[in-house]
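Q: The following block contains the structure, expressed as structure tokens.
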Amino acid sequence: MKSYTINAPLQIDATIELPASKSISNRALIIYALSHGGILPKNLSDCDDTEVIIAALKNSPDIIDIKAAGTAMRFMTAFLSSTLGSHTITGTERMQHRPIKILVDALKSLGANISYIKEDGFPPLHITGKQLTGGHLQIPGNISSQYISALLMIGPILKQGLELELSGEIVSRPYINMTLKIMAYFGAEAQWESENIIKVSPKPYINKAYLVENDWSGSSYWYEIMALCKDDQAKIHLTGLFRNSLQGDSVIQDIFAKLGVRTVFEESGTDATTTVTLTKTPYHLESFTYDFTKCPDLAQTVVVTCCELGIKFHFTGLASLKIKETDRIEALKIELRKLGFILHDEHDDTLIWNGDRCEASMAPIDTYEDHRMAMAFAPTCFVHKDLLMNNPQVVSKSYPHFWDDLRQANFLIKQN
Ligand SMILES: O=C(O)C1=C[C@@H](OP(=O)(O)O)[C@@H](O)[C@H](O)C1
Ligand SMILES: C=C(OP(=O)(O)O)C(=O)O
């Protein structure tokens, strides 16, 4: 087991090339494969969650190990069900406890041949692919949008196309919209027919050149660094982000405007990419209420930032956090207590900090095989000198060069 001791710089003036978005990379790759190749998308992420899809599509092994990648597991399950071949798809221990029944049931009702190898409702799966007919389907929209994106992407290759009727409060809706926009770019006819019905026509994808945006979710840790650093003159330049982004997590700009971080865009070049400059700005916020239903991956960053800024909060829309890389609600409560903050959770989807504190034990931060635990806690080194963190390498799931980027910004990171 590796651990790091992390110390913050006194001043910050850094230019950071963020990783490419894994969500966009993984969609572009599935569509690339469904359109039978041609021009490979550019600026694909080099993170674990994208590398597993690249390997699966390139080598088509009998046993596909998708590791910890939720999107890859869900997208490949739909892909393998609708294309010829016979495969087992499996993943990490945690992946084998992340639910997939809703997607499997939906695919089976379209005629797919899928069986559970161990426990019903969970990977590993055995899938024998075939041409599926498609048609109308009802599916819960309140558990994970990844099931919906997975089904949508195979829609254009189904004989009758696909009509999805979503029930319940739709979670992570911006990720569904991201899927629809990328599909449309590649020639699909796929759109919302009403608040909860999406229709996809049976019309093959057209292969085209594609440039993947850099990752707004990954930018959130730099927003947190700007919010927590003590240098009033600090500047952070983030490259490769799109202003009119497909990513719902670009809402991070608005969230952090309330937490003392200003965002300025400088258009650069022809690709609609922008350099984003973060600086400090005055703020007055005693307590913060926010609903994370549309942007669950930002929750850890904002929770940790608010605690360290002493801003009480009442955060809702967090139900999906329990079925991600770890139970993120539990993990946040346990690790923030080590830093002296007592959080409460309610109704499985709400996290509250009333300002309750305890003595900080400063025990090493554990990362729970969750990249976002490591990245959300790293900036707390501005408050806690010699911050210790176990298993920091987990960042490779979405942001492999995270620690190198911190070093470039003059953080001191010592391996123990
Ligand atoms: O479609 C995607 O790329 C994602 C959707 C979200 O998952 P849920 O829909 O399960 O909330 C998000 O948390 C995940 O990191 C990426
Ligand atoms: C939840 C995440 O990923 P996934 O569900 O794709 O494993 C994430 O990156 O925060």
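Q: What's the local net charge at D404, with K and R +1, D and E -1, over the other residues with C-beta under 13 Å away?
A: On the way: positive: R407; negative: E17, D46, D405.
Residues close to D404 contribute a combined charge of -2.
Q: With r as the distance between the Cβ atoms of T277 and D356 and R0 = 45 Å, compute the FRET efficiency 1/(1 + (r/R0)^6) and round to 0.05. Display every interim value, and only then the final one.
A: Values: r = 36 Å, r/R0 = 0.80.
For D356 and T277, the calculated efficiency is 0.80.
Q: Tally the DSSP beta bridges in the chain and give the antiparallel ones as a percent, rounded to 5.
A: Values: 44 of 65 bridges.
So the antiparallel bridges amount to about 70 percent of the total.
Q: Ranked from highest to lowest mean number of other Cβ atoms within 10 Å per residue, what is the order of the peptides 45-57, 291-303, 192-204? Before the final figure, lay out each step's value.
A: Values: 45-57: 21.5, 291-303: 23.1, 192-204: 14.8.
Highest to lowest by the protection proxy: 291-303, 45-57, 192-204.
Q: Here is a further query. Ratio of Rg to Rh for the chain, alpha carbon only, Kirkwood? Walk me through the numbers on the way to the answer.
A: Working: Rg = 21.2 Å, Rh = 21.9 Å.
Result for the chain is an Rg/Rh of 0.97.
Q: Can you compute the radius of gyration and Dmax for the range 22-200, using only the Cα atoms, both in Å?
A: Rg and Dmax of the range 22-200, Cα atoms, are 14.7, 40 Å.
Q: Sticking with this structure for a sec: Once every DSSP H run of n ≥ 4 in the chain is given -39500 (n - 2.57) and the sum is divided by its residues, what mean residue ellipticity at 222 nm do you get, rounded to the nearest 500 deg cm²/dmol? Before the final figure, lay out the partial values.
A: On the way: 12 runs with 125 residues, N = 416.
That calculation yields -9000 deg cm²/dmol at 222 nm.
Q: Among 363-370, 213-220, how do they line up from the highest to the lowest mean number of other beta-carbon atoms within 10 Å? It would help to have the intermediate numbers written out before the result.
A: Details: 363-370: 20.5, 213-220: 26.0.
So the peptides 363-370, 213-220, ranked by packing, come out 213-220, 363-370.
Q: 5 Å is the cut-off here: which amide hydrogens, built 1.01 Å from N in the peptide plane, fall below it relative to V261, excluding neighbours closer than 5 in sequence?
A: Residues meeting the amide H criterion: T281.
Q: Roughly how many Å is it from the Cα centre of the range 384-409 to that of the range 23-102, as a whole number?
A: Value for the Cα centre distance between the two parts: 26 Å.
Q: Which of the GluC sites (Glu not before Pro) found in the range 109-190 are in a DSSP loop and have at most 16 neighbouring Cβ atoms, other than their own, within 10 Å?
A: Answer in residue order: E119, E169, E189.
Q: Still on this structure, please answer the following. What list of ³J(HN,Hα) couplings, whole Hz, do you get for the range 7-16 from phi and the Karplus terms 6.51, -1.76, 1.60, once you set θ to phi - 60° and write x for glycine and proline?
A: Those phi angles translate into 10, 8, x, 6, 10, 9, 8, 10, 10, 10 Hz.
Q: Counting other C-beta atoms within 10 Å, which of I64, I352, I255 has the fewest, and how do the rest follow?
A: Details: I64 25, I352 15, I255 20.
Fewest-to-most Cβ neighbours within 10 Å comes out as I352, I255, I64.
Q: Assigning unit charges at the beta carbon (Lys, Arg +1; Asp, Glu -1) and nothing else, what dipole magnitude in debye, to the nearest 20, does the range 344-414 show about its Cα centre? Mind dumping the intermediate values first?
A: On the way: 6 positive and 12 negative charges, 109 e Å.
Roughly 520 debye for the range 344-414.
Q: Just the ratio, please: alpha-carbon radius of gyration of the range 141-275 over 2.2 N^0.38 Å, N its number of residues. It would help to have the intermediate numbers written out before the result.
A: Working: Rg = 18.1 Å, N = 135, 2.2 N^0.38 = 14.2 Å.
Dividing the Cα Rg of the range 141-275 by 2.2 N^0.38 Å gives 1.27.
Q: Once amide H atoms are built 1.01 Å from N in the peptide plane, which residues 5 or more positions from L211, or in another chain, come under 5 Å H to H?
A: Long-range HN contacts for L211: K42.
Q: Using the beta-carbon distance between H126 and D46 and R0 = 35 Å, what value does 1/(1 + (r/R0)^6) give for FRET efficiency, to the nearest 0.05?
A: About 0.70, to the nearest 0.05.
Q: Here is a further query. Find which of S220, I334, I127 sits farthest along the positive direction of the dipole of the chain, computed with +1 on the beta-carbon of Lys and Arg, -1 on that of Asp and Glu, about the Cα centre.
A: Comparing the listed Cα positions along the dipole, I127 ranks first.
Q: Neighbour counts of other C-beta atoms within 10 Å: give me Y283, Y290, Y175, Y223 arranged from fewest to most. Please list the in-between numbers first.
A: Working: Y283 15, Y290 18, Y175 24, Y223 28.
Sorted ascending by nearby Cβ count, the order is Y283, Y290, Y175, Y223.
Q: Still on this structure: Would you work out which of I117, S60, I24 lies farthest towards the positive end of the dipole of the range 22-200? Charges go on Cβ: Lys and Arg +1, Asp and Glu -1.
A: Result: S60, furthest along the dipole toward the positive end.
Q: Let me check I've understood the local charge: for V276, count other residues with C-beta under 14 angstrom from its C-beta, Lys and Arg +1, Asp and Glu -1. What total comes out?
A: Here the count lands on -4.
Q: How many nm is it between the label spots at R243 and E193, if each spot is 7 Å from the Cα in line with the beta carbon?
A: 3.7
Q: While we're on this one: Can you give the net charge of the other residues whose Cβ lies under 14 Å from the Cβ of T15, counting K and R as +1 and D and E as -1? Present the calculation step by step, with values, prior to reporting the outcome.
A: Working: positive: K235, R407; negative: D13, E17, E266, D404, D405.
Local charge sum for T15: -3.
Q: How large is ³J(HN,Hα) for each residue in the range 193-204, as worked out from phi by the Karplus curve 6.51 cos²θ - 1.76 cosθ + 1.60 (θ = phi - 60°), to whole Hz, x for Gly and Pro?
A: Working through the residues one at a time gives 9, 7, 3, 9, 10, 10, 10, 10, 7, x, 8, x Hz.
Every number here is computed from the coordinates shown, using simple stated rules; none is lab data. This is a predicted model, so every value here is computed, not measured. Cβ sites come from the backbone with ideal geometry, for glycine too, and all protein chains shown count toward neighbours.
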